[in-house]
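To keep things clear, I will list the structure first and then write my remarks on it.
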Amino acid sequence: MRNRGIAAAVLALGALVAGCGSGGAGGGAATVTAAAAPKAEKLGPDPGTRYTRVDVPKLDGMTCAKGEGGFHFGSDLDMNVFGVDGLPAPAGADGDDHTDASCFGNPRLRLSSGAHTATVPHFTARTKLFAAVADPRAALEESFEHTMKLSAGYGRERVGEARLFTTRALVVKCQHNVAATFPMTTCFWANYGAVGSIDFFPAGGEHLPLDQAAARTQAVAASALAAPGGGASAGPASPSSSPRP
């Protein structure tokens, strides 16, 4: 299965189509990857907020658009949000109750496999909305384990221990892993109305640190979730870290 995954990545690199837009405005790579150190918080009670659509994130120094950004590994090595089909469908969603979005920073990231080189997003985010997520921590763990085990069957390999982060608005779990030889950092998150995953591609050929990935995941979720009447409703909060249970 591992060799099939590598072959799929080579094919994806060779068949890459153009990414979305030009580099983000200013800031360079440091703007894209830097994030404040996590601070301790406890998940707050359900505020009753539910979302009507998933917006494309708007982040400083990045250009974001719907879709996979013109790149995917294939052979089910791409991360997604699985294991939460039992949660109730959202009420009143306008058809954008789930979405993929990719964001490119400046300078662009490039991955090479053999003779093929491709421009890739700094990260790809997948978000699903629900009428209610009664226990965000339980939904997070279910989606994380289900999806990571599924992708492992196609060649993704976990690296080190996962870490759980908590903000007042959501819970996040991040894991270093390897997809077709590339060092990825993957975070899953959940709140009372949505569950999502984010795949961070390797700037400088190294894993994005877990605390930075968690902080960026929190920012992406806050920007992407739209409540009735418009605007993002999952306000910023600093992630807190706890060891993997």
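In this structure, is ALA93 over 18 Å from THR119 (Cα atoms), open to solvent by less than 50 Å² (accessible area, probe 1.4 Å) and at pLDDT below 90?
On the way: over 18 Å from THR119 (Cα atoms): yes; open to solvent by less than 50 Å² (accessible area, probe 1.4 Å): yes; at pLDDT below 90: yes.
When the stated conditions are applied, ALA93 passes them.
So, in the stretch 164-184, exactly how many residues are part of a strand (DSSP E or B) and either among the hydrophobic types (A, V, I, L, M, F, W, C) or modelled with pLDDT under 95 (or both)?
So in the stretch 164-184, the residues part of a strand (DSSP E or B) come out as 164-166, 171-179, 182-184.
If we keep only those that are either among the hydrophobic types (A, V, I, L, M, F, W, C) or modelled with pLDDT under 95 (or both) too, we end up with 164-166, 171-172, 174, 178-179, 182, 184.
Residues meeting the conditions: 10.
Here is a list: GLU68, GLU41. Which entry is among the charged types (D, E, K, R), part of a loop (DSSP other than H, G, I, E, B) and free of Cβ contacts under 8 Å to residues at least 60 places away in the same chain?
Details: GLU41 fails: free of Cβ contacts under 8 Å to residues at least 60 places away in the same chain.
Matching residue, one of GLU68, GLU41: GLU68.
Hey, does the stretch 121-140 have a residue that's over 16 Å from the mean Cα position of the chain (by Cα), surrounded by fewer than 20 Cβ atoms within 10 Å (Cβ to Cβ), closer than 21 Å to VAL178 by Cα and small (Gly, Ala, Ser)? Steps first, please.
At the first step, the residues of the stretch 121-140 found to be over 16 Å from the mean Cα position of the chain (by Cα) are 130-138.
The next check asks that each one be surrounded by fewer than 20 Cβ atoms within 10 Å (Cβ to Cβ); those that pass are 131-132, 134-135, 137-138.
Restricting the remaining residues to those that are closer than 21 Å to VAL178 by Cα gives none.
There is no residue in the stretch 121-140 that is over 16 Å from the mean Cα position of the chain (by Cα), surrounded by fewer than 20 Cβ atoms within 10 Å (Cβ to Cβ), closer than 21 Å to VAL178 by Cα and small (Gly, Ala, Ser).
The conditions are (1) at pLDDT 90 or above; (2) open to solvent by less than 10 Å² (accessible area, probe 1.4 Å); (3) not small (Gly, Ala, Ser), and GLN218 fails exactly one of them. Which is it?
With respect to (1) at pLDDT 90 or above; (2) open to solvent by less than 10 Å² (accessible area, probe 1.4 Å); (3) not small (Gly, Ala, Ser), GLN218 is out only on (2).
Among the residues of the stretch 149-163, write down those that are open to solvent by less than 10 Å² (accessible area, probe 1.4 Å) and at pLDDT 95 or above.
Selection gives ALA162 alone.
Okay, residues lined up against (1) in a loop (DSSP other than H, G, I, E, B); (2) of a type in the set (S, T, N, Q); (3) at positive phi; (4) open to solvent by 50 Å² or more (accessible area, probe 1.4 Å):
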site	(1), (2), (3), (4)
PHE73	yes, no, no, no
ASP76	yes, no, yes, yes
VAL81	yes, no, no, no
VAL84	yes, no, no, no
LEU87	yes, no, no, no
THR99	no, yes, no, no
PRO107	yes, no, no, yes
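Residue check: is VAL56 crowded, with 16+ Cβ neighbours inside 10 Å, of a type in the set (Val, Ile, Thr), part of a loop (DSSP other than H, G, I, E, B) and more than 18 Å from the chain's Cα centre (by Cα)?
It is false that VAL56 is crowded, with 16+ Cβ neighbours inside 10 Å, of a type in the set (Val, Ile, Thr), part of a loop (DSSP other than H, G, I, E, B) and more than 18 Å from the chain's Cα centre (by Cα).
Could you identify the single residue in VAL172, VAL195 that is open to solvent by less than 10 Å² (accessible area, probe 1.4 Å), within 14 Å of LEU43 (Cα to Cα), touching a strand residue (DSSP E or B) at 6+ places or on another chain (Cβ under 6 Å) and not basic (Lys, Arg)?
Working: VAL195 fails: within 14 Å of LEU43 (Cα to Cα).
Just one listed residue meets the conditions, VAL172.
The values are calculated or read from the model by the stated rules, or taken from the named source; none is laboratory data. All values derive from a computational prediction rather than experimental measurement. Virtual Cβ from ideal backbone geometry, glycine too; neighbours counted across all protein chains shown. Each accessible area value is taken on the protein alone, full model and side chains, heavy atoms only, with ligands, DNA and RNA left out. Shrake-Rupley method; radii C 1.70, N 1.55, O 1.52, S 1.80 Å.
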